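To start, the structure itself, in structure tokens.
The values are calculated or read from the model by the stated rules, or taken from the named source; none is laboratory data. Here the structure is a predicted model, which is why all the values come from computation and not from measurement. Note that we place each Cβ from the backbone using ideal geometry, even for glycine, and neighbour counts take in every protein chain shown. The area values use the complete protein model at the heavy-atom level, side chains included, leaving out ligands, DNA and RNA. Shrake-Rupley method; radii C 1.70, N 1.55, O 1.52, S 1.80 Å.
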Amino acid sequence: MQAILDFKQRYGPILTGYVLVAVAVWLLGIIVLPQAMMLEYSFWRLDRSQSTELETEIEQLYMEKQKIERQIRTIDRDLRKPDTVDRADLEGQKVPLAAQVADIEAKLPALEEQVTRPVKVYGPDNYIHFLTSELHWTIFLKTIWASVIVTVVAMLICYPVAYYIAHVAPAHRAPLLMLALIVPYWVNELLRTLAWLMILSENGIANLGLRVIGLPGIDWLNADSGVIIGMTYAYVLFMIFPVYNVMEILDRNQIEAARDLGASWPRIHWRIVIPHAKPGIAVGCIMVFMLAAGSFAVPQILGGVRSVWFTQVIYSWFYDHSNWNMGATYAMGLLFMCILFVMLMMRLFRVRLEDIARG
């Protein structure tokens, strides 16, 4: 509260109010409300089990109505006969039968409406289905494992590049190198993924290079390898920037002092560079993992029919099966795993949220 009062005193009530409203809209509209709706959807389902019982009851009522109407028609035929003597008795029988028909006709609309409107039932059934579905659980674990591979490969690629730009390349060349990294990302992700579709195709550059050196071609596009390559290319930039940002502020004198004392390059990196770069590495790993785990376009284009990603399963629940509740459940499962990964990265690199924010 004191921070808000200090901000108000420094910038005035109008700007303070605007900032508070903007932050509230961001927290509620971008973070809290969408996730809350997804969580709420994941805990209920539409129960159609009562529909069968209601349909049976409706069918019995219709049959009962037809039976009574046949009795009424029989009475009407007897009343039309000129030799009928007990007309008063027949008229007395007809009145309660007509009342029964009216009562059935009054019940039918409400029952038919209940049949078309399933009951909303809360419970853990959706999560039980997710946890007990061996096929979907296998796809989920494969997606998480492949996302970890993408994250590790991206880190192995980006660490030396970030170090070179931050501490080896001349000062006038570093901006050009950063620009060279950024320029490919000016192209839409979909177009870049389609480019890799051509590169990894049967007659693409990748297989052509393998054949030149005497190796057989690889079916990249009908296996997870093509998806992993495409994701690494698509999200590698999200690893290099956080790592470069923390490496850039590392005092080079520490590296020079370690070299003067006879430390080897692996020891310098292990004892000086990596501990300093831990926040950036943690941020990069978190961003790459979450982007890879939640990617849909890359697996859809590069995966082929034999490589199904968990995001494709979620998409199928929402759009192919029109089961938003099950789709929300699977999406929340993926979100929960991403949160666990964030906590694991914080524990592994021994960093706090404040360190990650600075990274």
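Annotations for the structure displayed:
- Region 175-294: relative contact order in percent, alpha carbon pairs under 8 Å with at least 6 residues between: 24
- Within region 57-76, backbone nitrogen closer than 13 Å to the virtual label 7 Å beyond the Cα of residue 97 toward Cβ: 65-76
- Helix-only [θ]222 nm of the chain, DSSP H runs n ≥ 4, -39500 (n - 2.57) each, per residue, nearest 500: -23500 deg cm²/dmol
- Solvent-accessible ranking of 342, 183, largest area first, probe 1.4 Å: 183, 342
- The Rg/Rh ratio for region 222-334 is 1.21, where Rg is the radius of gyration of the alpha carbons and Rh is the Kirkwood radius.
- Relative contact order %, the chain, counting alpha carbon pairs below 8 Å whose residues are six or more apart: 22
- Full-extension gain in nm, residue 79 to residue 167, via 0.36 nm per residue minus C-alpha separation: 20.7 nm
- Given +1 at the Cβ of Lys and Arg, -1 at the Cβ of Asp and Glu and no other charges, the dipole of the chain around its Cα centre is 1620 debye to the nearest 20.
- Loop-resident trypsin sites (Lys or Arg not before Pro) (DSSP state other than H, G, I, E or B) in region 257-359 with no more than 12 further Cβ atoms inside 10 Å of their Cβ: 306, 350, 352.
- For the chain: lysine pairs under 28 Å (alpha-carbon distance), excluding those fewer than 8 apart on one chain: 10
- Computed FRET value (nearest 0.05) for residue 274 with residue 180, which takes r as the C-beta separation and R₀ as 25 Å: 0.50
- Figure legend: label point modelled 7 angstrom from the Cα of residue 252 along Cα→Cβ; residues of region 152-174 with amide N under 14 Å from it are 163-174.
- Which of 316, 147 is most accessible, then next, and so on - probe 1.4 Å: 316, 147
- The value for the chain of Rg(Cα) / (2.2 N^0.38 Å) is 1.66.
- Counted charge near residue 126, where neighbours are those whose Cβ lies closer than 14 Å (Asp, Glu -1; Lys, Arg +1): -1
- Computed across region 289-359, the Kirkwood radius stands at 13.8 Å (inverse of mean 1/r, all Cα pairs).
- Label-to-label distance, nm, for residues given as residue 5 and residue 58 (7 Å Cα→Cβ offset): 6.5
- Modelled spin-label separation between residue 129 and residue 353, with each label point placed 7 Å from Cα along the Cα-to-Cβ direction: 3.4 nm.
- Solvent-accessible surface ranking, highest first, for 340, 353 at 1.4 angstrom: 353, 340
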